[in-house]
Amino acid sequence: MDINTKRSNDILQISVKGRLDAFGALELDDAFNNVIKKNDTHIIIDMKDVHYLSSAGIRVLLQVNKKLQKRGGDLHLCHVNQYPSEVLEMTGLDSVFLIHSEKEKAVSHITQEMNKTAEINWNDALSYTQNNIEITVYKSSQKSAILKAVGDISKVLFAQLEQKDIYSRKFSETEYSIGLGALGDDINEYIQILGEMITIGGTMVWLPTDGHDTPDFLTPYKDTGNVTIHTGFNAALKGDFNDIIIVKAKNGESFTISTIYAAVFNIARQTQPNFSGVISTAMQADLDEFYSSGVKIAPVKKFAPENHQMITHEDNFKEWMDINSKPKYHGETMVSFGVGMDLSGSISTIEKEALHTLFYLNPANTGDSELILHNHAVIFKHIPLKKTCNLDKTIKNIINKGKFMDMRHLLDNTKIKQAVIGVSYITDIVFENE
């Protein structure tokens, strides 16, 4: 087996020629041991001259990939030929390795990842003090971000959903989203247990309204397109995090979700010339007090309230909504995604009709009256919070490796100790109802 190595822009590239069988795997393992340095995080294996791959070769690749992932990196494969590709797919490992059609694409991907994880001098980042919380802002992306939505939240609120109102979305299209949804293959079954849902870190988590009060989840290793999310309403982020924000209380005490949003809105009005008044947030936070709500009955037409009022109406609220008014999960880790609208500012760039079909007043919320927030959260056993500009990867690691505890609709008075937040300044809301 011929093995050639080179370094370019701190990226180790290894070209392999020959059979990655048991003998070839030994040679590749020796090469890895000789050339990989302690500071290597991403490695590219060019396999254009490899036409045979066995479990022995896969085992060596997996060992190196595991080592790199502990360092915050990955093993990247490029130019994978048909037989090795089929072997990887057959073993279910085609989704474990990052596979690229060309070396240039692998280099580009790695460069972006390395830029995200590059050491940042947070002391030089912009700092603000708002509402007694300290906020440090790292400018991450200038690209515009939009919300892609399907369904109409008014049909949810009036419990008027029918089969024709249920849409399907692929996991890959809903990496960060919230709404009302379900999993399954029989619409007659899942439409009756639609519940609160979130997609985050490549996982769909939902709370079926089947009376068991137990969240369910699915993390696909491969997006086949066959298993989809069924939703009566869903809003998904399309775009990057514009800012990565580190938030903590100045006096060491906890602060509410609405306090965070109010502070971010204040900063946005100062720093974002075209601020629309709408943001989305994804976060990892250390919980102090967790408060939540959620629908107990699927809001479909056959279950609609007899008084024809919204499920949030005072006469229906107790029957339809499950409210957690006692603090829970002190000291645990929360990852969340949601959207917020600032009512105190001027919202001129987004159509009011789109806003009205996305936001609604939840009677259980007791936060800032100048904000309308809609957030869902997943709870895990505590994982130490670290400053990072690659929040997306951090959230995925938590989702994949953390000990899952719960998922709920997040109330504004939930209190946290500190958080890392990805903020996207929404420029438009696009509805994609088919």
Exercise for review: List the strands (runs of 3 or more DSSP E) that sit entirely inside segment 126-176 and contain at least 3 residues that are of a type outside the set (A, V, I, L, M, F, W, C).
Suggested key: 126-130, 133-139, 167-169
Exercise for review: Determine which single condition Phe23 fails, assuming it passes every other condition in (1) open to solvent by 20 Å² or more (accessible area, probe 1.4 Å); (2) under 26 Å from Gly72 (Cα atoms); (3) of a type in the set (Phe, Trp, Tyr).
Suggested key: (2)
**Study point:** Residues of segment 1-46 classified as in contact with a Phe, Trp or Tyr (Cβ under 8 Å, 6 or more places away or on another chain) and more than 17 Å from Val80 (Cα to Cα), total
**Key:** 0
Exercise for review: Tell me, please, whether a residue that is of a type in the set (D, E, K, R), in contact (Cβ under 8 Å) with a residue 24 or more places away in the chain and surrounded by 13 or more Cβ atoms within 10 Å (Cβ to Cβ) can be found in segment 80-90.
Suggested key: no
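Would you please name the residue that is surrounded by the fewest Cβ atoms within 10 Å (Cβ to Cβ), looking only at residues in segment 159-205 that are on the phi > 0 side of the Ramachandran plot and modelled with pLDDT of 90 or more?
Only one residue fits best here, namely Gly184.
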Practice item. Would you mind finding the one in Met310, Met283 that is aliphatic (A, V, I, L, M), outside any helix (DSSP H, G or I), closer than 21 Å to Asn375 by Cβ and open to solvent by less than 30 Å² (accessible area, probe 1.4 Å)? Key: Met283
**Study point:** Among residues of segment 399-418, those that are surrounded by fewer than 21 Cβ atoms within 10 Å (Cβ to Cβ) and either of a type outside the set (Gly, Ala, Ser) or part of a helix (DSSP H, G or I) (or both), counted
**Key:** 11
Practice item. Would you check if there is a residue in segment 104-117 being open to solvent by less than 80 Å² (accessible area, probe 1.4 Å), more than 26 Å from Thr394 (Cα to Cα) and touching an Asp or Glu at 6+ places or on another chain (Cβ under 9 Å)? Key: no
Check your understanding: buried (at least 16 other Cβ atoms within 10 Å of the Cβ), among the basic types (Lys, Arg), out of contact with any helix residue (DSSP H, G or I) (no Cβ under 6 Å at 6 or more places or on another chain) and not in a loop (DSSP other than H, G, I, E, B) - does that describe any residue in segment 319-330?
Key -> yes
Review point. Which number in (1) buried (at least 17 other Cβ atoms within 10 Å of the Cβ); (2) on the phi > 0 side of the Ramachandran plot marks the one condition that Gly252 misses?
Key: (1)
Review point. Does at least one position in segment 211-220 carry a residue that is within 22 Å of Ala298 (Cα to Cα), buried (at least 19 other Cβ atoms within 10 Å of the Cβ) and not small (Gly, Ala, Ser)?
Key: yes
**Study point:** Check on Leu77, among the hydrophobic types (A, V, I, L, M, F, W, C), crowded, with 17+ Cβ neighbours inside 10 Å and modelled with pLDDT of 95 or more
**Key:** yes
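The values are calculated or read from the model by the stated rules, or taken from the named source; none is laboratory data. On a predicted model such as this, the values are computed, not experimentally measured, just so you know. Glycine also receives a Cβ, built like all others from the backbone with ideal geometry; neighbour counts cover every protein chain displayed. Areas reflect the complete protein model, heavy atoms only, side chains present, ligands, DNA and RNA absent. Shrake-Rupley method; radii C 1.70, N 1.55, O 1.52, S 1.80 Å.
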